[in-house]
Structures are given as structure tokens and as C-alpha cells.
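Asker: Pasting a structure here, questions to come.
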Amino acid sequence: MNISFDNNIPIYIQLLDYIKAYIISEQIKSGEKLPSVRELASMFKVNPNTIQKALSELEDIGLIYTERTNGKYVTTDKKLIAKIKNEYALKIANEFLDNMQKIGINNEEALNYLVGKEEK
């Protein structure tokens, strides 16, 4: 996996968001084992400590859990995954609307861009 990191945001936060999106989009299934910290560090070309910090945050919010000596797994709590997915989608939608307002486009006009009815 190759992602371009934004120098203005800590890498572990970008990794946290990336892995979170991977989980809530079900690209990795509920209950599935995650690659090891070393494997993830190699995949993302970052320090293992950076991966560990991102995974620790994911564990704090309950999206993953550690099975002693077996590794880290995606939660089986589908309600939690749905809740986090909803919160994430709402955050993205609000950021979109805020950015559109910054360039003088109101919410109704912004929605037209989303459905392909923007003025030409």
C-alpha cells in the first residue's frame, strides 16, 4: 500500500484514518486478523512505532482488539462499525459543505454538484 502523507498532519493520524476507512468500508471484514505491526510498517514504509500508535488509537475506540499472542483483529461489533461509519460520513459531508461555503456556494447549490446538476 502506498499512500501520500500530508506533512501538515501527523503520520499516525493519517494511518489511523486510512485503516479506519479500510475497516468501515468492509475491505477488511469484521473479526478478520490484521497484518502484524511489522508487516503494516513495511507496507506503509513507516516506523513500527508509528503503526503501533495508530493501532493503539483504533483499539481505544474499539474498532480493533488484541488477542494475546495471536495479534490484532477487527471488532465483531457491527453496530459500533456502523456508528463510526456514520460519524465519519457526517464529518466528510460537513467538510465538503464548509469548503463549498468558503467559495460562495450554499448547501443547496453544493448538493447539485453532488448529483451532477451543477450549472455549466
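The values are calculated or read from the model by the stated rules, or taken from the named source; none is laboratory data. Remember, it's a predicted structure, so these values are computed and weren't measured experimentally. Glycine also receives a Cβ, built like all others from the backbone with ideal geometry; neighbour counts cover every protein chain displayed. Note: areas computed on protein heavy atoms with side chains; ligands, DNA, RNA excluded. Shrake-Rupley method; radii C 1.70, N 1.55, O 1.52, S 1.80 Å.
Asker: Restricting the search to the range 39-63, which residues are open to solvent by 80 Å² or more (accessible area, probe 1.4 Å) and touching a helix residue (DSSP H, G or I) at 6+ places or on another chain (Cβ under 6 Å)?
Answerer: Lys53 - this is the single residue of the range 39-63 that is open to solvent by 80 Å² or more (accessible area, probe 1.4 Å) and touching a helix residue (DSSP H, G or I) at 6+ places or on another chain (Cβ under 6 Å).
Asker: Give me the helices (runs of 4 or more DSSP H) completely within the range 16-120, filtered to those with at least 2 residues that are touching a residue at least 60 places away in the same chain (Cβ under 8 Å), ordered by residue number. So that I can check it myself, show each step before the final result.
Answerer: Working: elements: 37-44, 48-60, 78-102, 107-114.
Counting at least 2 such residues, we get 78-102.
Asker: Condition first: more than 25 Å from Ala21 (Cα to Cα) and exposed (fewer than 13 other Cβ atoms within 10 Å of the Cβ). Now tell me which residues in the range 91-106 satisfy that. Lay out the reasoning, then the answer.
Answerer: Within the range 91-106, the first condition is being more than 25 Å from Ala21 (Cα to Cα), and the residues that meet it are 101-106.
Of everything in the range 91-106, those that are more than 25 Å from Ala21 (Cα to Cα) and exposed (fewer than 13 other Cβ atoms within 10 Å of the Cβ) turn out to be Lys102, Ile103, Gly104, Asn106.
Asker: Would you be able to say whether some residue in the range 20-31 is over 17 Å from the mean Cα position of the chain (by Cα) and open to solvent by 60 Å² or more (accessible area, probe 1.4 Å)? If you could, list the steps in order and put the result at the bottom.
Answerer: Initially, the range 20-31 is screened for residues over 17 Å from the mean Cα position of the chain (by Cα), giving 31.
From what is left, the residues that are open to solvent by 60 Å² or more (accessible area, probe 1.4 Å) are none.
For the range 20-31, residues over 17 Å from the mean Cα position of the chain (by Cα) and open to solvent by 60 Å² or more (accessible area, probe 1.4 Å): absent.
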